[in-house]
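This report concerns only the one structure given below.
The values are calculated or read from the model by the stated rules, or taken from the named source; none is laboratory data. Keep in mind that this is a model prediction, so the values were computed, not measured. Reconstructed Cβ throughout: ideal geometry from the backbone, glycine too, with neighbour counts over all protein chains shown. Heavy atoms of the whole protein, side chains included, go into the accessibility calculation; ligands, DNA and RNA do not. Shrake-Rupley method; radii C 1.70, N 1.55, O 1.52, S 1.80 Å.
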Amino acid sequence: MSRSYDRALTVFSPDGHLFQVEYALEAVRKGTCAVGVRGKDTVILGVEKKSVLQLQDPRTVRKVVMLDDHVCLAFAGLTADGRVLIDKARIECQSHRLTVEDPVSVEYITRHIAGIQQRYTQSGGVRPFGVSTLIIGFDPHDAIPRLYMTEPSGIYTAWKANSIGRSSKTVREFLEKNYADDLDEAGAVKLTIKSLLEVVQTGAKNIEISVMRKDGEVKNLSLDEISEIVVEVEKEKEAEAERKRGRLAATLAAQGGMLESGAGATGA
Amino acid sequence: MDYKSTMTHADAARLKKGEVNLGTSIMAVQFDGGVVIGADSRTTMGSYIANRVTDKLTHIHDRIYCCRSGSAADTQAVADIVTYHLSLHAIQSGERPSTHVAASLFQELCYANKDALSAGIIVAGWDKREGGSVYNIPLGGGLFRQPWAIGGSGSTYVYGYCDATYREGMSKDETVNFVRNIDAPSPTALALAMSRDGSSGGTIRMCVITEDGVQRLFVPGNELPTFWEGKEILPPPGQAAALQSQGEVMVQ
């Protein structure tokens, strides 16, 4: 009977939760990690690339997509759901240009995507989208970089740096510790790669980086460029570890010395 | 009267009262490596020139432009809708769109709405596959790819000149000169059309579209090439009076 499909799949629990939405967030947590970092005049999107199966064509798996000339999006979660949202957003970008004769602002298109996601939590017979998105870009005629995130619930928020998907909590904590305001492009890229390396064990070949500059230019870093920075980061980590080991050895030696002299003092 | 046969009659018959007309001279020429497009700059409402510095070369995509003639409103609306569809197509495919796709989109709109529209459009651009290409979409909504195309009310006056002057395999500079040359002794297509057609005039705007980008060129009204302005041969004043008194000549 068709009446059974009119019932909303997302209903309130007795204690005020929308469990379908929370389960959708679980689906997002299973997706590959994506990181966004805002610099002084650039904004960076980094994504973890899922290992491609042997016979698969790697070019067909694109996680960072353009919504318009000046706006980029990366998502985490159900790929098919993400694709549908991206298509709707792309149409809205062009429709806005046609009716208002102006490109969308990053906030506008984020609000539009979040609005679609919210609608699917309050309609009959549909389930929420299992994706969170990171949206970067510059508003038309503006030099301020923007970074927004949307969630399956339809909430959207602006960020200086954020991550979604697998191990996003770890990455976000890393970002909280290491983020600095007004990073230049190189610094922002390095921070993005460093934070991704926390969760991507296999290194540069599974990382994709997109850099957006205020003139609207989007640059996808090549594997070589990413590898170069990864090598640099590893060297720094190694040097830091070396310093720690050196300090530890010195402390132990000092402690050992203290014990002996202490024993001597208190001993006989 | 078969009002579909000439551009000017069709324009007068189709334009609504008070509607603005792009009675025009437009042209586009393909060369190896790109296209050169050009247009005059006059927009008329009857005999009033509503805009004497119009830009009839409209950006559709980074390397695709269109030249508009006919009703200003109709062509602006169609161009805006094609821009919408082409941008969507381009961002979904991740590549620059081909000129052919743009021309096909124009054709779909112009043919499907042929009874309501008065739009003669020339689509020209550069893409990776074809290099430069020019597509003519006259009033009925047919699509014709040509090495060069002229359009608008002024074009009728320069078919002969263009047929006689066009050569295949011209370089970029030769093509620019074909459209506008003011240095060479031989006159230019657009300037000739503008000097004979009342609905065309003002300035010449041109774009050179290649893989590297779009270069805009401008010829202000006072720098247009001048041709034989035409002078009536009148009888000398004395002779006219003498003839008058003999009752030979009617006084005007």
Output the residues belonging to region A:28-80 that are free of Cβ contacts under 8 Å to residues at least 12 places away in the same chain and in contact with a Pro (Cβ under 6 Å, 6 or more places away or on another chain).
A:Val52
Filter region A:189-221 for residues that are open to solvent by 50 Å² or more (accessible area, probe 1.4 Å) and among the acidic types (Asp, Glu) and give the result.
A:Glu198, A:Asp215, A:Glu217
Among the numbered conditions (1) touching an Asp or Glu at 6+ places or on another chain (Cβ under 8 Å); (2) within 14 Å of chain A (Cβ to nearest Cβ); (3) within 20 Å of B:Gly38 (Cβ to Cβ); (4) of a type in the set (D, E, K, R), tell me where B:Arg96 comes up short.
(3)
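The rows are residues; the columns are (1) closer than 30 Å to A:Leu73 by Cβ; (2) within 14 Å of chain A (Cβ to nearest Cβ); (3) in contact (Cβ under 8 Å) with a residue 24 or more places away in the chain.
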site	(1), (2), (3)
B:Ile60	yes, yes, yes
B:Ser71	no, no, yes
B:Ala90	yes, yes, yes
B:Val101	yes, no, no
B:Glu108	yes, no, no
B:Ile122	no, no, yes
B:Trp126	yes, no, yes
B:Phe144	no, no, no
Hits in region A:169-180 - residues which are open to solvent by less than 60 Å² (accessible area, probe 1.4 Å) and either farther than 18 Å from A:Ser132 by Cα or at pLDDT below 95 (or both):
A:Phe174, A:Leu175, A:Tyr179, A:Ala180
Are any of the residues in region B:199-207 modelled with pLDDT of 85 or more, touching a Pro at 6+ places or on another chain (Cβ under 6 Å) and not in a helix (DSSP H, G or I)?
yes
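Which count do you get for residues in region A:92-134 that are within 14 Å of another protein chain (Cβ to nearest Cβ), open to solvent by 10 Å² or more (accessible area, probe 1.4 Å) and assigned to a loop (DSSP other than H, G, I, E, B)?
Pass one, region A:92-134, residues within 14 Å of another protein chain (Cβ to nearest Cβ): A:92-104, A:109.
After this cut, where a residue has to be open to solvent by 10 Å² or more (accessible area, probe 1.4 Å) as well, the list is A:92, A:95-103.
In the following step, the residues that additionally are assigned to a loop (DSSP other than H, G, I, E, B) were identified as A:101-103.
The total comes to 3.
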Looking only at region B:195-241, and only at residues there that are β-branched (Val, Ile, Thr) and open to solvent by less than 30 Å² (accessible area, probe 1.4 Å), the one that is nearest to B:Ala39 (Cα to Cα)
B:Ile204
Across region A:38-90, what is the number of residues that are part of a strand (DSSP E or B), open to solvent by 50 Å² or more (accessible area, probe 1.4 Å) and either within 14 Å of chain B (Cβ to nearest Cβ) or β-branched (Val, Ile, Thr) (or both)?
1
Would you say B:Met170 is at pLDDT 90 or above and either at negative phi or surrounded by 22 or more Cβ atoms within 10 Å (Cβ to Cβ) (or both)?
no
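Which residues, counting only those in region B:73-88, are away from chain A (no Cβ under 14 Å) and surrounded by fewer than 20 Cβ atoms within 10 Å (Cβ to Cβ)? Break it down stepwise before answering.
Within region B:73-88, the first condition is being away from chain A (no Cβ under 14 Å), and the residues that meet it are B:73-75.
Correct list: B:Ala73 only.
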Across (1) surrounded by fewer than 21 Cβ atoms within 10 Å (Cβ to Cβ); (2) modelled with pLDDT of 85 or more; (3) in contact with a Ser or Thr (Cβ under 8 Å, 6 or more places away or on another chain), B:Asn181 clears everything bar (2)
Which residues, counting only those in region A:106-149, are polar (S, T, N, Q), within 14 Å of A:Glu22 (Cα to Cα) and within 14 Å of the chain's Cα centre (by Cα)?
A:Ser132
Kindly list the number of the only condition in (1) at pLDDT 90 or above; (2) under 19 Å from the mean Cα position of the chain (by Cα); (3) away from chain A (no Cβ under 14 Å) that fails for B:Ala10.
(1)
The one condition B:Pro97 fails out of (1) in contact with a Leu (Cβ under 6 Å, 6 or more places away or on another chain); (2) open to solvent by 10 Å² or more (accessible area, probe 1.4 Å); (3) of a type outside the set (Gly, Ala, Ser) is (2)
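If you check B:Ser69 against the conditions, is it of a type outside the set (D, E, K, R) and either crowded, with 24+ Cβ neighbours inside 10 Å or at pLDDT below 95 (or both)?
For B:Ser69, the condition - of a type outside the set (D, E, K, R) and either crowded, with 24+ Cβ neighbours inside 10 Å or at pLDDT below 95 (or both) - is met.
Among the residues of region B:133-172, write down those that are of a type in the set (Phe, Trp, Tyr) and part of a helix (DSSP H, G or I). Quick ask: steps written out before the conclusion?
Residues of region B:133-172 of a type in the set (Phe, Trp, Tyr): B:135, B:144, B:148, B:157, B:159, B:161, B:166.
Residues satisfying the conditions are B:Tyr157, B:Tyr159, B:Tyr161.
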Keeping to region B:35-59, report how many residues are buried (at least 24 other Cβ atoms within 10 Å of the Cβ) and touching a helix residue (DSSP H, G or I) at 6+ places or on another chain (Cβ under 7 Å).
3
